[in-house]
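For reference, the structure is listed below as structure tokens.
The values are calculated or read from the model by the stated rules, or taken from the named source; none is laboratory data. Predicted, not measured: the structure shown is a model, and the values here were computed from it. Here the Cβ is made from the backbone with ideal geometry for all residues, glycine too, and neighbour counts use every protein chain on show. Calculation scope for accessible area: heavy atoms of the full protein, side chains included, ligands and nucleic acids excluded. Shrake-Rupley method; radii C 1.70, N 1.55, O 1.52, S 1.80 Å.
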Amino acid sequence: MGRAYQNRKESMAKTSDQKAKVYSKYGREIYVCAKSGGIDPNGNLALRSLIDRAKKDQVPTHVIDKAIDKAKGGGGEDFDTARYEGFGPGNTMVIVDCLSDNPNRTFGDVRTCFNKVKCKIGGQGSVSHMFDHSAIFVFNGDDEEAVLEALMMADVDVTDIELEDGKVTVFAPNTEYAKAKTALTDAFGDMEFDMDEIQFVAQNMTQIQGEDVEQFERFLDLLNELDDVQRVYHNAEY
């Protein structure tokens, strides 16, 4: 049983309103990434990964281009990252990553989501110490030893490598993201990644059932409805 990282499950939304929300989240994230790390995807690996992910989620090209153009102009909104932690239904642990132009509003909105399912938001570090902040790469392969050797030769601090059903999964500290991706592409060419991102990976899972499952799914829906919420990580298993 491998590490339980969270696959992106945002299949295309069924309504125009839901699609607009998905596009808005990506547009905001691309804008911030391009503004902070540069607008050239070849020089900003995080931006290139984000654009690839957006395309896989069928975000239109004009949405991506508009966000990059806005970053190129140097003006626009001043978004800050915000991270909130707490305990969800069934004593699960939850991390909520946001991009916000009004932290007070965002904190109030996220806290309301916790309150609606009779749970409490915690302080900074209340649950994140139970997660690993990991760079994750998933790609086709059948030789994890060759992958490990390539990463070790590039002096990448590898946390774990898994091989299952013709897929190699590499875990490394989040700070090693760029070095690990460069090492993989240098060693194996222009790779097609099934996953290429940084996540919080729970060290231990919490099994929930019955009413807790219903409440937890409602909790996720409430959070994902918020424009400022970008990603939600948790250790719930059901």
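Of note:
- Contact map, the range 109-121: first residue on the phi < 0 side of the Ramachandran plot, second residue in a helix (DSSP H, G or I) and open to solvent by 90 Å² or more (accessible area, probe 1.4 Å), Cβ cut-off under 8 Å, separation 6 or more or different chains; pairs are K116/R218; V117/R218; I121/R111.
- Test: residue in the range 96-105 that is of a type in the set (A, V, I, L, M), part of a strand (DSSP E or B) and under 30 Å from E214 (Cβ atoms): yes
- For C113, the conditions (1) closer than 19 Å to L45 by Cα; (2) in contact with a helix residue (DSSP H, G or I) (Cβ under 7 Å, 6 or more places away or on another chain); (3) open to solvent by less than 30 Å² (accessible area, probe 1.4 Å) are fulfilled apart from (1).
- Positions within the range 179-227 being in a loop (DSSP other than H, G, I, E, B), closer than 26 Å to S24 by Cα and in contact (Cβ under 8 Å) with a residue 60 or more places away in the chain, in sequence order: E225, L226, D227
- So R53, is it of a type outside the set (A, V, I, L, M, F, W, C), open to solvent by less than 40 Å² (accessible area, probe 1.4 Å) and either at negative phi or modelled with pLDDT under 90 (or both): yes
- Only a single item in (1) under 22 Å from M195 (Cβ atoms); (2) at pLDDT 90 or above is not met by G38, and it is number (1).
- Of residues in the range 168-178 being free of Cβ contacts under 8 Å to residues at least 60 places away in the same chain and either in a helix (DSSP H, G or I) or open to solvent by less than 30 Å² (accessible area, probe 1.4 Å) (or both), the one farthest from Q199 (Cα to Cα): V168
- When the strands (runs of 3 or more DSSP E) confined to the range 114-167 are screened for residues that are touching a strand residue (DSSP E or B) at 6+ places or on another chain (Cβ under 7 Å) and of a type in the set (G, A, S), those reaching at least 1 such residues are found at 120-122, 131-140.
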